[in-house]
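Participant: I have a structure I would like to understand better, so I am pasting it below and will then ask my questions one at a time.
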Amino acid sequence: MASQEAKTIEKTIEDICDDPHLFVDGISSHDLHQGQVGNCWFIAACSSLASRESLWQKVIPDWKEQEWSAEKPENYAGIFHFQFWRFGDWVDVVIDDRLPTLHNQLIYCHSNSKNELWCALVEKAYAKLAGCYEALDGGNTADALVDFTGGVSEPIDLLEGGFAEDEAKRNLLFERVLKVHNRGGLISCSIKATSAADMEARLDCGLVKGHAYAVTDVRKVRLGHGLLAFFKSEKLDMIRLRNPWGEREWNGPWSDTSEEWQKVSNGEREKLGMTVQDDGEFWMTFEDFCKYFTDIIKCRLINTSYLSIHKTWEEAVLRGSWMRSEDPLKNRCGGCINHRDTFLQNPQYVFDVKKTEDEVLISIQQRPKRTSRKEGKGENLAIGFDIFKVELNRIYRMHMLQSKVASSIYINSRSVFLRTDLNEGRYVIIPTTFDPGHVGDFLLREFTDVPSDCQELTLDEPPHTCWSGMCGYPQVVSQVHIISASGLKNQDSHEGVDPYVIIRCEGEKVRSSALKNTLTPEFDVKGLFYRKKPGQPIVIQIWNHNIISDEFLGQVALAGDPNDLQSGHVLHLQDKGNKRTNELPGILKVQLFTSRNLTSV
C-alpha cells in the first residue's frame, strides 16, 4: 500500500519486529486494538471472528503453512493469502508483508504482542478488497460479518422495537440472540449517535456512542452458591461485549469490579472467563443492554447441511441486475412501489411455500463498490423488496399489483434482510432500488424449510412458437380469484368439512390445499389462464377431502367474457352438468378478470 503521509513508512514484518508470528498464544478477541483509521466496525467484527475457530480458519486458510518458521526460513515468501465471502463467492486476496508504520509502530490494527500480526494482515487484505485503507474509515459491521462468514445479517433496531420496556419481547429476543451465538453466528451492537458531536461521545455509564462493539458471549448465568443455587436454578440473561479500543468499559451493574459478582459462585465465574482488568471486555445484563444500546446485528450462519442436528434450511441463490431500457417491457430499474407506473418493471422472482405455514428468510445484497483514493467512497444504493401473493400457477411476470404480504425496509445498506412467516401458496419477490433509473447488480438469497423452487420470471406472456399457428395462441387472459364459500353441505357427523377448490380451464387445472373442518371456508386462492378458446367456460369445483375418497360438493361455471365488466360474482353451487334444477347447498364468492391484453395481469 502507498504511504499515508510523509512520516508513514511501509516496512516488512521482519523489519518491524523480531521473531514475527501470525499468532502468539493462540487467537482471541484481546489481540485486536483499533489504529488510526476509524474502523471500529471492522475491529468489532474481527473480535467476534476471533472467538470462532471454524470461521477464522476459513478467512485465514492454511495458517500453519503461512506461519513463520525459524527452522525453515526458506519457506517464507513474504506473501499471505486470505479469503472473504463477496457477492456469493469466497474470494482469495493475496498481499505482501509490508505494513504502514509511524516511528516503527503499526499505525492501523495491532495486537498486544508486537510480534503477533494476524490482525494487521487481515486488515490489510480487507483494505485491498475495499480499495484502500481509507475505504475502511467508517463502515458497516454487518458487511464485515457477512464477508467473514457468508452468513446472513439481520439488523434489529432496539429502540423502534421497544425491547427495553417490553419484557416478553426482550426475553424472546434474548433467546434468538442466544441461539445465533450458540450455533456459531457472529453478533455486533452499537449506540446510535444522533449528531456529529455525539460520535464517540462517552456516556456516564462508560459506553461510547456511534461505536461498534463485538458480542463475545451470551449466557444464562446461574446465581447463588453451592447446591442451593443448583436446585433453585435462578438464572440471569447476560451478554459479554468488547470495545475495539481495548479499554473504556461499562461501569454499571455487573461491570468488572461490581459487587453483583458476589451473587455468582467462583466456579460459575471461571466458566464465564471473568477477568478484572481494563481490557475493553465486560458483562452486562440483557435488560441493561436493551436499555442503553440502540442497535444489534445478528449474523446467522444458515445451516444447509442435512447431517446437522439443528434446523436445516433450503437455500436458493439467484443473481440479478437493475438495468435501464427505454422499452418498458425490457426496463428493469423501476424503483420502489411509490412509483406505480414503473414498479412492476423491476426483476421478479417466484417461489412456493409448500407447508401450511413456513418461516422464510430473504436477503438481497447489492454488489460491493470498490473504492480508491481518487474516487472516494463508493455509495450504496437505497434498496429493498416487497413480497406479493399471486396465482398458484403463475409462470409469467406480474403486470398488475396483487396482495402484498411483506416488505423489507429500504436503506442504503449493502444488504437488506427480512424474516417472515408465510402461508402455503405462490409468491413473487420484487427487489428494487428506492428511486427508478438506478442500475446495479444484486444477489438474492432465499431460505425455506422445504425447497421453494425459487426462479426469476423472465417472460411477460406465453411465447410464440412454431406450434402457435397449428395449435393456436391465447386470445385472452383470465385471473380467477376464489374468495370464500358459505353454507356448504355437511358430509358427516362433525360440524364442518375439509373443503378445497379446483379451477378448470381448457384442460388445465389449479387445485388449492384443503382447509380443516369448516362450512364457511376463506380460500383466497387465485389461478391464471391464457385461453385459446374464450368460448369455453371456466369451471370451479368444491370438494371435501377424505382419506378414502374425496366428495364433490358442487361447482359453478363462468364465461370469462372480456366484454363483461362485472368482476365480482356470488354464485349458488350446481351439480355436475350445471343444470338449474340440480342446485346444491352452498354459495361461492368469486372475482374474475378477463382481458384481451395478455400483459394486463
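The values are calculated or read from the model by the stated rules, or taken from the named source; none is laboratory data. Because the structure is a prediction, the values reported are computed rather than measured. Neighbour counts run over all protein chains shown; Cβ positions are idealised from the backbone, glycine included.
Participant: Can you pull out the residues in the stretch 383-420 that are of a type in the set (Lys, Arg) and either loosely packed, with under 15 Cβ neighbours inside 10 Å or modelled with pLDDT under 95 (or both)?
Facilitator: 404, 414, 419
Participant: Let me ask something additional. Could you tell me whether residue 242 is modelled with pLDDT under 90 and within 16 Å of residue 298 (Cα to Cα)?
Facilitator: yes
Participant: Sticking with this structure for a sec: Taking strands (runs of 3 or more DSSP E) that do not extend beyond the stretch 10-102, which have at least 1 residues that are basic (Lys, Arg)?
Facilitator: Where strands (runs of 3 or more DSSP E) fall fully within the stretch 10-102 and carry at least 1 residues being basic (Lys, Arg), they are 79-86, 98-102.
Participant: Suppose the filter is crowded, with 17+ Cβ neighbours inside 10 Å, of a type in the set (S, T, N, Q) and not in a helix (DSSP H, G or I); does residue 308 pass it?
Facilitator: So residue 308 fails the test.
Participant: Give the number of residues within the stretch 332-358 that are over 17 Å from residue 444 (Cβ atoms) and assigned to a strand (DSSP E or B).
Facilitator: So the count comes out to 5.
Participant: With respect to residue 89, is the statement that it is at pLDDT 85 or above, of a type in the set (Asp, Glu) and surrounded by fewer than 15 Cβ atoms within 10 Å (Cβ to Cβ) true?
Facilitator: Criteria met by residue 89.
Participant: Take the stretch 24-66 and flag every residue that is among the aromatic types (Phe, Trp, Tyr) and either without any contact (Cβ under 8 Å) to a residue 24 or more places away in the chain or under 21 Å from residue 108 (Cα atoms) (or both).
Facilitator: Within the stretch 24-66, 41, 42, 56 meet the criteria.
Participant: Which ones in the stretch 439-461 are surrounded by fewer than 16 Cβ atoms within 10 Å (Cβ to Cβ) and at pLDDT 95 or above?
Facilitator: 439, 441, 453, 455, 456, 458, 459, 460, listed by residue number.
Participant: Let me ask something additional. Go through the stretch 336-372 and give me each residue that's modelled with pLDDT of 90 or more, farther than 26 Å from residue 424 by Cα and of a type in the set (Ser, Thr, Tyr).
Facilitator: Passing the criteria: only 342.
Participant: Would you call residue 346 surrounded by fewer than 19 Cβ atoms within 10 Å (Cβ to Cβ) and either over 30 Å from residue 213 (Cβ atoms) or in contact (Cβ under 8 Å) with a residue 12 or more places away in the chain (or both)?
Facilitator: Here the answer is no, as residue 346 does not meet what is asked.
Participant: Please specify each residue of the stretch 156-172 satisfying the condition of being surrounded by fewer than 21 Cβ atoms within 10 Å (Cβ to Cβ), touching a residue at least 12 places away in the same chain (Cβ under 8 Å), outside any helix (DSSP H, G or I) and within 22 Å of the chain's Cα centre (by Cα).
Facilitator: Answer for the stretch 156-172, where residues must be surrounded by fewer than 21 Cβ atoms within 10 Å (Cβ to Cβ), touching a residue at least 12 places away in the same chain (Cβ under 8 Å), outside any helix (DSSP H, G or I) and within 22 Å of the chain's Cα centre (by Cα): 156, 157.
Participant: In addition: If the requirement is being of a type in the set (Asp, Glu) and exposed (fewer than 15 other Cβ atoms within 10 Å of the Cβ), which of these qualifies: 498, 524?
Facilitator: Answer to the selection: 524.
Participant: Go through the stretch 502-558 and tell me which strands (runs of 3 or more DSSP E), entirely inside it, have 2 or more residues that are touching a residue at least 24 places away in the same chain (Cβ under 8 Å) and of a type in the set (Val, Ile, Thr).
Facilitator: 538-544
Participant: So in the stretch 281-337, with the set limited to residues that are small (Gly, Ala, Ser) and in contact (Cβ under 8 Å) with a residue 12 or more places away in the chain, which one is nearest to residue 159 (Cα to Cα)?
Facilitator: The selected residue is 335.
Participant: For the stretch 429-459, name all the residues that are in contact with a strand residue (DSSP E or B) (Cβ under 7 Å, 6 or more places away or on another chain) and among the hydroxyl-bearing types (Ser, Thr, Tyr).
Facilitator: Correct list: 432, 433, 448, 452.
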